[in-house]
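The next block holds one structure in the form of structure tokens; read it before the comments.
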Amino acid sequence: MTAHSDHPITTPPRAPSPVHGFGTLAVHAGAPHDPATGAVIEAISLSTTFAQTAVGKPVGEFEYSRSSNPNRNNFETMVAALEHAKYALAFSSGSAATTVILQSLAAGSHVISVSDVYGGTHRYFTQVAKAHGVKVTFTPEIEVDIREHITESTKLVWIESPSNPTLRLVDIRAVATQAHEHGIMVVVDNTFMSPYVQNPLDHGADIVVHSVTKYINGHSDVVMGVAAFNSDALHKRLAFLQNALGAVPSAFDSWLAHRGAKTLHLRAREATTNATAVAHALEASPHVIAVNYPGLDSHPHRHIAKKQHRDGMGGGMLSFRIRGGHAAAERFCQLTRIFTLAESLGGVESLCEVPSSMTHAGIPRDQREAVGVFDDLVRISCGVEDAADLQKDVLQALERAVAETAGTDGASKNGNGVVDGEATNGVNGH
């Protein structure tokens, strides 16, 4: 694949609607009944190796669990169905999925990425990818200026939509059309939306990636990643790297994630309902400077959400700037009673965090603030609790946090080291 315009990639049209609805696929895809026992839920296949009837002739399709495993295969089948893909490959984490995709590029390749990406992706692009000769250019307005950044070496465009943590949206079809004219593949990190709310392949993307840890698993007890796509050539290359690099999930984690995904549609709908309620409450509060939530009509990319998201849903993630600076943001996260101060997102429980000191601490301050990640920004992941309880919780925490930090210089009043510890250990989580 080259970046020459005489080697374009054909942008696929919108995929036809599946025969079955999302909920039916979530429950039944990749979930065959056991032919021996009739069990309707698959067993956990913990065996690392599989018997062979003769040299090089395994009993079934499995030989060694790093290469393939029944639970992993079933999980991959389900994700492919939910993302309207021909193939899916599971990995030991979302970062491992990113690694494998970038490792598939030859030395000297160039990548164009949106600026406000997940901190771990930014870390990989800036500190690891360049070690094997891959250069990354970041742009805050990828739909507008993508052509300005394309070179003869450009092989990949990386999108997060919504972005983390400012919830900016990207018109996937617009970017894919421009990239494909030059033979450049498009990858979309769909972690924030989940396959229920958004299907990037339907909008022209070549690969969709997820941190399965988040919405797909949905119960904060599995670390996994997945990539889904339609190309036979991509499958051959990425499956080879999946096995060769060995960053694969365990059978048990694959089983747990598959079980979690069976209720994805229910959880995503409830999380959206809750986030919408919380976003409206925040937007009406005098203690809030701005709210970033694609489900609000005030969001600058609301028109994209209506086009790309199921029923224009906003998803369960939002962020907001609190009056009172970093001190108020930190204090807010300590004063919530239902929301837990913790990294990650997409679980059944609601979480809050301060990106500048936690998930995005590894990104230089000037780069963070250029894309809206200020010290007073709080990121919220709404779970599936009652919406009224979550609204009350954020409002009481807002009142107290702003009152307690009024008149301070914005320095942290926290003496327990929780947030500062996250900031200094160099770990950037979702």
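Screening segment 330-349 for residues that are open to solvent by 30 Å² or more (accessible area, probe 1.4 Å) and of a type outside the set (A, V, I, L, M, F, W, C) and picking the one that is farthest from F125 (Cα to Cα) gives R337. Residues in segment 181-208 that are open to solvent by 10 Å² or more (accessible area, probe 1.4 Å), in a loop (DSSP other than H, G, I, E, B) and over 27 Å from E270 (Cα atoms): H182, D206.
For segment 307-417, the strands (runs of 3 or more DSSP E) that sit wholly inside it and include 1 or more residues that are among the small types (G, A, S) and at pLDDT 95 or above are 317-322, 377-381.
For V175, the conditions (1) assigned to a loop (DSSP other than H, G, I, E, B); (2) open to solvent by less than 10 Å² (accessible area, probe 1.4 Å) are fulfilled apart from (1). Restricting to segment 280-304, and then to whatever is free of Cβ contacts under 8 Å to residues at least 40 places away in the same chain and part of a helix (DSSP H, G or I), can you tell me which residue is most open to solvent (accessible area, probe 1.4 Å)? If we take residues in segment 280-304 being free of Cβ contacts under 8 Å to residues at least 40 places away in the same chain and part of a helix (DSSP H, G or I), then H303 is most open to solvent (accessible area, probe 1.4 Å).
Counting only residues that are in contact with a Lys or Arg (Cβ under 9 Å, 6 or more places away or on another chain) and buried (at least 16 other Cβ atoms within 10 Å of the Cβ), which one in segment 126-140 is farthest from A174 (Cα to Cα)?
So the residue we want is A129.
Output the residues belonging to segment 141-156 that are charged (D, E, K, R), outside any loop (DSSP other than H, G, I, E, B) and surrounded by fewer than 16 Cβ atoms within 10 Å (Cβ to Cβ). Passing the criteria: D145, R147, E148. Between G260, G246, G225, the distinction of being open to solvent by less than 50 Å² (accessible area, probe 1.4 Å) and farther than 24 Å from Y64 by Cβ belongs to G260 only. Among the candidates V117, V111, V59, the residue that is at pLDDT 95 or above and touching a strand residue (DSSP E or B) at 6+ places or on another chain (Cβ under 7 Å) is uniquely V111.
Among the residues making up segment 314-329, those that are open to solvent by 10 Å² or more (accessible area, probe 1.4 Å) and within 26 Å of the chain's Cα centre (by Cα) are R321, H326. Looking only at residues of segment 366-388 that are touching a Lys or Arg at 6+ places or on another chain (Cβ under 9 Å) and among the acidic types (D, E), we find that the one that is farthest from S285 (Cα to Cα) is D375.
Taking residues in segment 350-368 that are farther than 18 Å from G325 by Cα and open to solvent by 10 Å² or more (accessible area, probe 1.4 Å), and partners anywhere that are in a loop (DSSP other than H, G, I, E, B) and at pLDDT below 90, the pairs with Cβ atoms closer than 7 Å and at least 6 places apart or on different chains are G362/G426; G362/N428. Could you say whether any residue in segment 157-172 is out of contact with any Cys (no Cβ under 9 Å at 6 or more places or on another chain), open to solvent by 10 Å² or more (accessible area, probe 1.4 Å) and farther than 30 Å from S357 by Cα? Checking segment 157-172: not a single residue is out of contact with any Cys (no Cβ under 9 Å at 6 or more places or on another chain), open to solvent by 10 Å² or more (accessible area, probe 1.4 Å) and farther than 30 Å from S357 by Cα. Restricting attention to segment 42-94 and to residues that are basic (K, R) and over 21 Å from the mean Cα position of the chain (by Cα), the residue that is most open to solvent (accessible area, probe 1.4 Å) turns out to be K57. Candidates K236, K214: the one that is among the basic types (K, R) and not in a helix (DSSP H, G or I) is K214.
The values are calculated or read from the model by the stated rules, or taken from the named source; none is laboratory data. Bear in mind that the values here come from a model prediction, so they are computed numbers and not experimental data. We place every Cβ from the backbone using ideal geometry, glycine too, and count neighbours over all the protein chains shown. For accessibility, only protein heavy atoms count, side chains too; no ligands or nucleic acids. Shrake-Rupley method; radii C 1.70, N 1.55, O 1.52, S 1.80 Å.
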